[in-house]
Amino acid sequence: MNVYQRKLYALMHQKHKDKGSNSIFRTLLCCKDNLDQLQNWWQQLVEEQEQSQVLPNAIASSSDRVNLGADYNTTTDTCQVKHPISGQQHQIDCFNQQETPNLGDIAKERDGKKVFWWLWRFYPEIRAKQSRHGLLVPTHKIRRC
């Protein structure tokens with residue numbers, strides 16, 4: 001397992017985690033052999049992050065600010081996006097991000113560095129072609145209060 005395999009896993013993991021499926025990694029030849037190691041590495045990072053957030057979360061929850069719950073059901077088929085400057089709201093349909101796109105020849109590439117940079121550059125465009133709101137769907141939804 002090398003640094004670019006870990007970068008690939010971090011880049012693509014969030015988009016495919018909801019179903020617990022790593023199907024996109026099974027199609028990438030450069031990650032297929034190390035998938036178990038990548039999953040263990042990611043889980044270890046998650047556990048370390050959760051442990052390191054205990055004190056900051058306790059301080060933040062006792063401070064004078066709005067508390068946004070950590071657990072929030074994001075399984076809806078729509079999401080609300082807001083323009084960062086004007087605040088204009090728009091309700092969009094979320095497309096199925098768990099669907100594995102056709103990656104073509106890049107899936108057969110053994111060099112993790114090439115695959116990472118290719119996906120980093122072109123994956124958003126692939127998603128945009130699948131849905132007209134593909135570039136608007138946020139990575140993380142914010143709970144409505």
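The values are calculated or read from the model by the stated rules, or taken from the named source; none is laboratory data. Keep in mind that what you see is a predicted model, and the values were worked out from it rather than measured. Note that each Cβ is placed from the backbone with ideal geometry, even for glycine, and that neighbours are counted across all protein chains shown.
Residues in region 25-39: is at least one surrounded by 14 or more Cβ atoms within 10 Å (Cβ to Cβ), at pLDDT below 80 and closer than 20 Å to Lys113 by Cα? Before the answer, list the steps.
Going residue by residue through region 25-39, those that are surrounded by 14 or more Cβ atoms within 10 Å (Cβ to Cβ) are 25, 27-31, 34-35, 37-39.
With the extra rule that they be at pLDDT below 80, the set shrinks to 25.
Then drop every residue that is not closer than 20 Å to Lys113 by Cα, which leaves 25.
Scanning region 25-39 turns up at least one residue that is surrounded by 14 or more Cβ atoms within 10 Å (Cβ to Cβ), at pLDDT below 80 and closer than 20 Å to Lys113 by Cα.
Looking at region 102-109, can you tell me whether even one residue there is out of contact with any Asp or Glu (no Cβ under 6 Å at 6 or more places or on another chain), at pLDDT below 80 and of a type outside the set (Gly, Ala, Ser)?
Step one: of region 102-109, the residues out of contact with any Asp or Glu (no Cβ under 6 Å at 6 or more places or on another chain) are 102-109.
Keeping just the survivors that are at pLDDT below 80 gives 102-104.
Applying the additional criterion that residues be of a type outside the set (Gly, Ala, Ser) yields 102-103.
Checked region 102-109: at least one residue is out of contact with any Asp or Glu (no Cβ under 6 Å at 6 or more places or on another chain), at pLDDT below 80 and of a type outside the set (Gly, Ala, Ser).
Provide a single number: the residues in region 110-145 that are of a type in the set (Lys, Arg), at pLDDT 85 or above and outside any loop (DSSP other than H, G, I, E, B).
Of the residues in that region, 2 qualify.
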